[in-house]
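Below is one structure, written out as structure tokens; comments come after it.
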Amino acid sequence: MEFSFTDEQKMVIKEAKRFAEERLAPDVEELDQKGEVNLTALKELGELGYLGITVPEKYGGVDMGVVVYAGTMLELSKVDAGTAVAVSVHNSLVNEGILKFGTEKQKEEYLPKLTSGDWMSCFSLSEANAGSDPGALQTSAVRKGDSFILNGTKNFTSSGDFADLIIVFAQTDKDKGSRGISAFILKNDTPGFSIGKRENKMGIRSASCTELVFDECEIPADSLLGKENGGLKIALTLLDGGRIGIAAQAVGIAEAALEEAIRYSKERVQFKKSLSKFQAIQFMLAEMATEVELAKTMLYKVAWLKESGKKDFSKEAAMLKLYASEMSHRVCHKALQIHGGYGYMKEYKIERLYRDQRITEIYEGTSEIQKVVIARKILQ
Ligand SMILES: Cc1cc2nc3c(=O)[nH]c(=O)nc-3n(C[C@H](O)[C@H](O)[C@H](O)COP(=O)(O)OP(=O)(O)OC[C@H]3O[C@@H](n4cnc5c(N)ncnc54)[C@H](O)[C@@H]3O)c2cc1C
């Protein structure tokens, strides 16, 4: 058992940390207030290789593997969890989707544009009546000669309003229910495609979340990603990997909250002592630090499992996402408590971290859905 990063892994993760501190930190509070995306930073991340972390060099990626991806997500999320989610979707759902399920032509056509950051991307599975149960989605894709005609509305799509390339899931055989869903690759300038409502969110406000509308939207039949009617399996396979990114986001937010709490507890004086001198506060900090450490260890273990080629890591990924996101909730809660009333004010970073953390328990499968996955695996 070897518990260390290679020099190259350390360097790339350290560079992500530097980028986050120098290029994301100065703007994050303003973007949070305005609910705006840092498109400039996303382009720069593309130029630096962070939008093609797990993609082989022949398709324009840097091929650094899942451990580096997890470390990068952690460092970016520590500073700006909204920008980090765009990076997560792009790397683990879209790039990985095309890499794993795309034809050679699709890989050559799309991956170089995605890995360079020339094109941003999104992954659109959820609908108003199909969240935890994506098999119930209603958007349809009907074959017409050499085309498919898409009709329907997707909701809650991260990066939906600026993505150049969209992976969308639609029903290709209604009679087959969840076994009649297919995945498609689509450009944002396709006639019949438009962006619907932009959500006004509680947290990760530097990420966008939108409806996508398909109205008689015609795409060539070779836009299919993977096999016709094999879409749900593609979505679920990709979400297993995606959960590593969301867990890293949760750990990054928790680590930032812990650092804020330690700093504040040393500065704030009550009863003529700094808060850090009270054992009640020390115990809270000790519990928080232990939980962050545990989740981080689990994060790198699951990232390593995927990187070393384990075919089925869905149980481990679900356990990781469940634990890391709920750990992050507990840590942010305690960190805000240590800040007292000041933590409730927008001047203090913990107020944003507390809001940003909440989504990690919901997207890419709620905590309850992670438990469904884990229970199914351990009872089979
Ligand atoms: C900010 C944000 C960004 C998002 N980004 C994307 C994206 O990029 N692409 C995309 O496709 N989707 C995205 N989503 C959608 C997200 O994945 C869903 O919101 C999530 O899967 C939950 O679905 P739902 O909101 O419809 O809740 P529901 O499925 O209605 O769930 C409501 C509650 O019921 C519980 N529940 C449901 N089924 C069960 C069950 N079988 N057993 C026990 N409890 C259950 C849930 O855990 C939850 O507590 C995003 C959502 C948000 C809020």
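Observations
- Relative contact order (%) - the chain, alpha-carbon pairs under 8 angstrom, separation at least six: 17
- The stretch 39-157, dipole about Cα centre (Lys/Arg Cβ +1, Asp/Glu Cβ -1), debye to the nearest 20: 320
- Structure-based [θ]222 nm, the chain - -39500 (n - 2.57) summed over DSSP H runs of at least 4, per residue, nearest 500: -16500 deg cm²/dmol
- When each of the peptides 358-367, 77-86, 52-61, 129-138 is scored by the mean number of other C-beta atoms lying within 10 Å of its residues, the order from highest to lowest reads 77-86, 358-367, 52-61, 129-138.
- Note: relative contact order over the stretch 232-379, using C-alpha pairs below 8 Å and six or more positions apart, is 34 percent.
- Cα-centre dipole for the stretch 266-372 with unit charges at Cβ (Lys and Arg positive, Asp and Glu negative), debye to 20: 360
- Apportionment of accessible area to carbon and sulfur, the stretch 221-365, percent (1.4 Å): 59
- Put the Cα centre of the stretch 328-380 next to the Cα centre of the stretch 162-184 and the gap is 30 Å.
- All alpha carbon pair distances within the stretch 122-229 were sorted into 5 Å bins beginning at 0; the resulting P(r) in whole percents reads 2, 13, 25, 26, 19, 10, 4, 1, 0.
- Using the Stokes-Einstein relation with a Kirkwood hydrodynamic radius computed over Cα pairs, the translational diffusion coefficient of the stretch 232-379 at 37 °C and a viscosity of 0.692 mPa s comes to 204 µm²/s.
- Convex hull of Cα atoms in the chain, direction-averaged projection (nm²): 19.4
- Percent carbon-and-sulfur accessible area, the stretch 91-219, ignoring ligands, DNA and RNA, probe 1.4 Å: 45
- Highest-first packing order for the peptide set 342-348, 20-26, 225-231, 205-211 is 205-211, 225-231, 20-26, 342-348, based on the mean count of other beta carbon atoms within 10 Å.
- Label positions at GLU287 and GLU347, each projected 7 Å from the Cα along the C-beta direction, are separated by 2.9 nm.
- With viscosity 1.306 mPa s and temperature 10 °C, the Kirkwood radius over alpha carbon pairs of the stretch 7-119 converts through Stokes-Einstein to a diffusion coefficient of 113 µm²/s.
- Residue pairs, from the table LYS58/LYS144; LYS105/LYS197; LYS78/LYS201, whose Cα atoms sit over 23 Å apart: LYS58/LYS144; LYS105/LYS197
- 37 °C / 0.692 mPa s Stokes-Einstein diffusion coefficient of the stretch 170-299, Kirkwood radius on C-alpha pairs, µm²/s: 169
- Charge dipole of the chain (Cα centre as origin; +1 on each Lys and Arg Cβ, -1 on each Asp and Glu Cβ, all else neutral): 1260 debye, rounded to the nearest 20.
- Residue-normalised accessible area of the stretch 187-243, expressed per residue, 1.4 Å probe, Å²: 46
- For the stretch 106-121, Karplus couplings with θ = phi - 60° (6.51, -1.76, 1.60), whole Hz, Gly/Pro x: 5, 4, 5, 6, 9, 4, x, 6, 6, 5, 7, x, 4, 10, 9, 8
- Entry comment: accessible area of the stretch 338-380 is 57 Å² per residue, from protein heavy atoms only and a probe of 1.4 Å.
- Mean Cα-pair separation over length for the stretch 122-229, i.e. relative contact order, pairs under 8 Å, 6 or more apart, %: 31
- Alpha carbon centroid spacing (whole Å) that separates the stretch 91-134 from the stretch 268-310: 34
The values are calculated or read from the model by the stated rules, or taken from the named source; none is laboratory data. It should be emphasised that the depicted structure is a prediction, and the values quoted were computed from it without experimental measurement. All Cβ positions, even for glycine, are placed from backbone atoms using ideal geometry, and neighbour counts span all protein chains on display. With ligands, DNA and RNA removed, areas are computed over all heavy atoms of the protein, side chains included. Shrake-Rupley method; radii C 1.70, N 1.55, O 1.52, S 1.80 Å.
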